[in-house]
Amino acid sequence: MDRGLSDKLAILLDHLDEPANLAEIATLLEEHPELVEPFVEQWRVHSLLEWSLCNNIFSGKSHGEVEQAPATVVVKTKPRLLASRVVLAFWVAAAMVFIATGILFLQWSGPVGKIVAVRDIKWASGTRPLKPGDPIRLGVLESVSGGCTLRFNSGVELACDDGFRLRVIDDMLVELDHGTLRAKVPQNAHGFAVDTPDMKLVDRGTEFGVRTEAGGSTKIVVFRGEVDVQAKNRSMGKLPRRLTQGEAAQYTFGEKYLDRVPEVVSQGSTTTWSTSNDETALFSIRDNIRAADSLKYYNIVVNGLHEDVPVWVDRAHEWNGIDPSGIPEIVRGADYARTFNDDRYNRSFKMFVTVHRPAILYVFIDDRIDVLPDWLLRDFEDTGEDIGLDEGWHAHYQTVESARGAGQSVDLSFSIWRRVMPRPATIELGSIQAPPDFGMYGLAAKPLEPLPAPATESNQIE
């Protein structure tokens, strides 16, 4: 056992007249389970000494004079002070019983779930290293780096990353002090909640993400369904409010409103996500929509364009190959952006795409559009290839269901246009002046392969 921690616990035990010390003992024992047994023993000895003192007082020895061994030593104590010591001893004993009971409950209560995966995780010193299959109990889980996935008895699946500190209250409530998580909540677990230092998030049938920075900001991303946001700062305006699929918001401590998070970057089919592009993807997106008008976000998925992946952030439609041969090779496995389908009706809409490395930028255009926009005809060329769209469930078309696999249940076709970007640059894309019932365009990019070196006398093939 760490000598420093043991000494600290002994000091706190000797100063229990300060309420803050009780809370510190509880936290210390929760974060260092190895201290529980020596703590119980120290508490037992401490309580016996206090009780012995009280016994001597009430035995009436010398009317306030308590004899100690050897007999020549006499401790004189005022009756009022002794009475205070009696009261203090009583409350100290009661408080310690409460703390010990709470800690033992945390240690020996039944599991509320289990670890199902770990990702290059380095556990913090106060957390027992866990591996897939290990049970999750009430208390604190903390990592320095990497991540893990938890599955609670309620059915909630929680992916935690980026050096997190998570307190498990039960299988329907966790507290995220800092770090990143992504929650998948089944129908029977609606009401699952995540508490952060700034706000409480309550699930309404969702898949959502939360990122909290210690002493900084909280970011919320709704991948599917809805989340209720309840602010702890009463001065915040327009809260509580409900975020829906395709919306992302950020709250910074001291501010009164939620700000828009314009872009979320995902890593392929993994649960990893970030609101900071840092050029992980080939491109990033901004637009002329202000946060006051919208909390929509673009989801850029690195190496993510494959069969049955979502098309837009606000719909359940999927990209597929037109036929069983699959998605065309020129865009298969590309970084792609899930845009917002409702932006198709915004005639003043502008999108600014920044390509971070030499790449080929692709735009997918609905074949139902007769008059193509000038910016497309001027800056892009038609590849002659098409990608299919499989319509999924929507509030207006509740009987529509998507299928799995290339060429299955393809409802619409989109032409693939391209533009070669030989160096990093930002370009502007505009709106589409088209009649109703067409789809918003999609985006994808692949690295631009370097051209082969020109033939020279030294490398010519004879």
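The values are calculated or read from the model by the stated rules, or taken from the named source; none is laboratory data. Source: prediction; values computed, not measured. Counting neighbours? That spans all protein chains shown, and the Cβs are built from the backbone with ideal geometry, glycine included.
Residue pairs whose Cβ atoms lie under 6 Å apart, sitting 6 or more positions apart in sequence or on different chains, and linking a residue in region 144-170 that is closer than 15 Å to Val185 by Cβ and not assigned by TED's automatic domain parsing to the domain that holds Thr271 to a partner that is surrounded by fewer than 17 Cβ atoms within 10 Å (Cβ to Cβ) and small (Gly, Ala, Ser), are Thr149/Ala117.
Within region 184-207, the set of residues being part of a strand (DSSP E or B) and either surrounded by fewer than 23 Cβ atoms within 10 Å (Cβ to Cβ) or modelled with pLDDT under 95 (or both) comprises Lys184, Ala193, Asp195, Met199, Lys200, Leu201, Val202, Asp203, Glu207. For region 425-462, taking the residues that are in a loop (DSSP other than H, G, I, E, B) and touching a strand residue (DSSP E or B) at 6+ places or on another chain (Cβ under 6 Å), the one that is modelled with the highest pLDDT is identified as Tyr441. When region 171-187 is filtered for residues that are free of Cβ contacts under 8 Å to residues at least 24 places away in the same chain and of a type in the set (Asp, Glu), only Glu175 remains. When Ala316, Ala337 are checked against the criterion of being assigned to a loop (DSSP other than H, G, I, E, B) and buried (at least 17 other Cβ atoms within 10 Å of the Cβ), Ala316 stands alone in meeting it.
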